[in-house]
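Down below is the structure, laid out as structure tokens.
The values are calculated or read from the model by the stated rules, or taken from the named source; none is laboratory data. The structure displayed is predicted, hence computed values, not measured ones. Virtual Cβ from ideal backbone geometry, glycine too; neighbours counted across all protein chains shown.
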């Protein structure tokens, strides 16, 4: 006797609609997570490209200036651009503005795609010729636009996200195109470091002066600093510590210490430890440089 054909139950329209609704709900739940993961990976890469591009501009400048990175005091000797005298000109704003004025990079490149401080924004009013704020009455003699801002403190708006090496004193020989793979020259700015503590097992830990610093939210977790550092050979490393591996200095007893790149270690007798910052004032020695944070 022939068997009746087997019939599998089909989805009703109501069941199919319910499945679609469930699938859409799951997708909506996963979308922020997937987007966040994608953004987390893309921003450090773009940031790395930007900071490397800024340093490449510095290298190109150095190649035409006896291997020295831009120093406003060596350029504006007739005070046609800013009224500050001598090495007082060597601030972050002036250094960066020289590079923009000469076409080595744009104001857009100066603000990190991961910038966490709302007071730092792209400066879209840059004057590439005859800048109105130049010191000399004849504005055509200006060598950069003095209005480019780096100071983001006290309600002011800055336009530069990155920290750079302090170009003065015993560190001045490092403000050259030295090709050193262990000499930090530029990178994501970090928090102000109040002190370096030593753990029971001998580990060193930088202690930020502000526990919830904006700089801790640029990359990585919100409680620890991570960022891109470009070294003098133009390689960029994504560092997960303010004390990158292999960056050291020696104290007066010739003991080797790990170097925190955002802290001027007081036990360094040579004054050559790495120190990156944004500097709003400058002068004849490192003590004259004022760094700003957060």
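The table below lists the values:
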{"item": "Which listed residue is assigned to a helix (DSSP H, G or I) and either at pLDDT below 95 or surrounded by fewer than 22 Cβ atoms within 10 Å (Cβ to Cβ) (or both), from 180, 140", "result": "140"}
{"item": "Residue match in the range 121-130 (condition: surrounded by 13 or more Cβ atoms within 10 Å (Cβ to Cβ), part of a loop (DSSP other than H, G, I, E, B), in contact with a strand residue (DSSP E or B) (Cβ under 9 Å, 6 or more places away or on another chain) and touching a residue at least 12 places away in the same chain (Cβ under 8 Å))", "result": "yes"}
{"item": "Hey, residue 263 out of contact with any helix residue (DSSP H, G or I) (no Cβ under 8 Å at 6 or more places or on another chain) and assigned to a loop (DSSP other than H, G, I, E, B) or not", "result": "yes"}
{"item": "Residue match in the range 173-191 (condition: within 24 Å of residue 93 (Cβ to Cβ) and without any contact (Cβ under 8 Å) to a residue 12 or more places away in the chain)", "result": "yes"}
{"item": "Hey, residue 194 within 25 Å of residue 68 (Cα to Cα), in contact with a strand residue (DSSP E or B) (Cβ under 6 Å, 6 or more places away or on another chain), assigned to a strand (DSSP E or B) and free of Cβ contacts under 8 Å to residues at least 40 places away in the same chain or not", "result": "no"}
{"item": "Residue check for residue 174: over 14 Å from the mean Cα position of the chain (by Cα), under 22 Å from residue 280 (Cα atoms) and either surrounded by 13 or more Cβ atoms within 10 Å (Cβ to Cβ) or modelled with pLDDT under 95 (or both)", "result": "yes"}
{"item": "Qualifying residue in the range 151-164 (condition: at pLDDT 95 or above, part of a helix (DSSP H, G or I) and within 27 Å of residue 274 (Cβ to Cβ))", "result": "no"}
{"item": "Subset tally (residues that are outside any helix (DSSP H, G or I) and touching a strand residue (DSSP E or B) at 6+ places or on another chain (Cβ under 7 Å)) for the range 165-177", "result": "4"}
{"item": "Condition met for residue 43 (out of contact with any helix residue (DSSP H, G or I) (no Cβ under 9 Å at 6 or more places or on another chain), at pLDDT below 95 and surrounded by fewer than 18 Cβ atoms within 10 Å (Cβ to Cβ))", "result": "yes"}
{"item": "Residues located in the range 101-110, provided they are surrounded by fewer than 22 Cβ atoms within 10 Å (Cβ to Cβ) and either part of a helix (DSSP H, G or I) or touching a residue at least 40 places away in the same chain (Cβ under 8 Å) (or both)", "result": "101, 102, 104, 105, 107, 108, 109"}
{"item": "Residue 280 closer than 22 Å to residue 161 by Cα and either part of a strand (DSSP E or B) or more than 14 Å from the chain's Cα centre (by Cα) (or both)", "result": "yes"}
{"item": "Residue check, residue 271 over 18 Å from the mean Cα position of the chain (by Cα), surrounded by fewer than 14 Cβ atoms within 10 Å (Cβ to Cβ), part of a loop (DSSP other than H, G, I, E, B) and touching a residue at least 60 places away in the same chain (Cβ under 8 Å)", "result": "no"}
{"item": "Options 79, 65, 94: the member that is modelled with pLDDT of 70 or more, part of a helix (DSSP H, G or I) and touching a helix residue (DSSP H, G or I) at 6+ places or on another chain (Cβ under 9 Å)", "result": "94"}
{"item": "Any hit, the range 206-213, residues being in contact (Cβ under 8 Å) with a residue 60 or more places away in the chain, more than 17 Å from residue 233 (Cα to Cα) and exposed (fewer than 15 other Cβ atoms within 10 Å of the Cβ)", "result": "yes"}
{"item": "Members of the range 100-112 that are under 17 Å from residue 45 (Cβ atoms) and either modelled with pLDDT under 95 or in contact with a strand residue (DSSP E or B) (Cβ under 9 Å, 6 or more places away or on another chain) (or both)", "result": "111, 112"}
